[in-house]
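The values are calculated or read from the model by the stated rules, or taken from the named source; none is laboratory data. Since the structure is predicted, the reported quantities are computational estimates derived from the model, not experimental observations. Ideal geometry is used to build each Cβ from the backbone, glycine not excepted, and the neighbour counts take in all protein chains shown. To get the accessible areas, we keep the full protein, side chains included, count just its heavy atoms, and leave off ligands, DNA and RNA. Shrake-Rupley method; radii C 1.70, N 1.55, O 1.52, S 1.80 Å.
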Amino acid sequence: MDLAERAYSLAESLLSEPLPRRWRHSLGVAERACSLRPILGEDAVLLEAAAVLHDIGYSPRIASTGFHPLDGGRFLREQEGMDERVVCLVAHHSCALLEAEERGLRQELATEFELEHPVLVDALLFCDMTTTPDGEPTTSEARVSEIVERYGPDTVVGRFIQRATPEIHAAVQRVEDRLRSVQEASQPI
């Protein structure tokens, strides 16, 4: 079983029944990851695997700290022996260090998991923050608003996402710029 197949199978086993909406979101995020193949080259499969796995830390089977990036990263490393780059992308997805800070877990996250290459960090953030909870494409502006509305502005998640908003939009812009550059370069003159 290759990396992507293994990732889909594992994510489905952890999310599809207990958290079907989270599973639909994860499938949508993975679909977005596939759309980035033109700018990722050999790392496209790595991103797809991280995308479908990014929210497994919500699974009741593995949630322990209440902070899903940390729980997901630990599970993938300790229980599954997953590729270390996938592990680190999951652990650091979507500005996780900022949320970890809100939760008093920044040191643990930063110490246990290295940050992956910025292009991949941006790409996973783009995929997550341009996909609705139901797995449909959206804008980062709409997604941030939805998260604040769902959790509330004065909750841990609400405060974190508001702090992360400038970086979320900047990362989405960087990915869109890379895609545009590749598309323009491939068009005949």
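Summary table below
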item: 12 Å beta-carbon shell around Ser26, net charge (K/R +1, D/E -1); result: -2
item: Dipole of the chain [Lys/Arg +1, Asp/Glu -1 at C-beta], most positive-end residue of Leu76, Ile168, Leu14; result: Ile168
item: Arg178 accessible area, 1.4 Å probe, all protein chains in place, Å² to nearest 10; result: 70 Å²
item: Modelled FRET efficiency - R0 30 Å, Leu115 with Gln162, Cβ distances, 0.05 increments; result: 0.85
item: Rounded percent of accessible protein surface that carbon and sulfur make up, the chain, 1.4 Å probe; result: 51 percent
item: Dipole moment magnitude, nearest 20 debye, the range 11-148 about Cα centre, only Lys, Arg, Asp, Glu C-beta charged; result: 240 debye
item: Assigned charges on the beta-carbon of Lys, Arg, Asp, Glu; the range 40-101 dipole about Cα centre (debye); result: 200 debye
item: Protection-proxy order for peptides 121-134, 74-87, each taking the mean of Cβ atoms within 10 Å per residue, highest first; result: 121-134, 74-87
item: Solvent exposure of the chain as accessible area per residue, Å², 1.4 Å probe; result: 48 Å²
item: Charge sum, other residues only, whose C-beta stays under 13 Å from Ser140's C-beta, Lys/Arg counted +1 and Asp/Glu -1; result: -3
item: Nearest-0.05 FRET efficiency for Ala170 and Glu149, computed from C-beta distance (R0 22 Å); result: 0.50
